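Working notes for the structure below.
Readers should treat all values here as calculations from the given coordinates under stated rules, not as data from a laboratory. Fair warning: this is a prediction, and the values are worked out from it, not measured in the lab. All Cβ positions, glycine included, derive from the backbone under ideal geometry; neighbour counts span all protein chains shown.
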Amino acid sequence: MRRHAIQVLGQVLGITALLLLPQGGWAERGPSMPKERAKALRLIRQLETDPLGSEAYEARRWLALWLLDVPDLQVRYCAEIVGGNRAARDRIRPDLLAQVLWSGAAFLIENPEKKGAKAEVYTAGLLGALRAYEALLRARPDQRTVLFDELLAKREEGELAAFVAESSQVCP
């Protein structure tokens, strides 16, 4: 079990690392197609509601490869919006951190005119990751993490968007 968890963790981290690379020359295909965007939205929402589901690994894999391939949809990861320091962020499940990217992509698919609205994209991504976190806790209460609990509190107090706008200023 532990060996499998380490393998899955490595795969999620590897895929996420690829998304952090500057996008460019290798994307020789055209823009994303409506059917692909619909599939991406379905998979992202599925991961937000059931992050431990039997199809979660394949969904993450497909999303990562697709986002690398399509030139018209670019999402970036901003560690600062999660809060805390690097050591604290390292204790967060990689699939929750990846969910920030997936949910940010969903926001861009649904709101293509917001492409340059960095803070809104990051906020939408974080909100999706928080939904996935809440679903995760229902199934695995032992997976609680301080940083995400603090973000939930900010969301409940109506302070999340302002926090993200401020903390994301240093991000691309």
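Using equal-weight Cα scatterers in the Debye expression, the normalised intensity of the stretch 43-172 in log10 at q = 0.12, 0.19 Å⁻¹ is -0.42, -1.09. Counting 0.36 nm for each residue step from Arg29 to Ala117 and taking away their Cα separation leaves a gain of 29.2 nm.
Bridging of Lys118 to lysines at a Cα separation below 25 Å is possible for Lys39, Lys154, once same-chain residues fewer than 8 apart are set aside. Note on Ala79 and Glu150: the model spin-label points, each 7 Å out from Cα along the C-beta direction, lie 1.5 nm apart. In plain terms, the chain from Arg140 to Ala165 could stretch by 5.9 nm, reckoned as 0.36 nm per residue minus the Cα-Cα distance. Projecting label points 7 angstrom from Cα along Cα→Cβ for Arg42 and Ser54 puts them 1.7 nm apart.
Exposure proxy shown here: for Trp62, Trp102, the number of other Cβ atoms within 10 Å sets the order, fewest to most, as Trp62, Trp102. Protection proxy ranking of 141-151, 114-124, by the mean of other Cβ atoms within 10 Å over each peptide's residues and highest first, is 114-124, 141-151.
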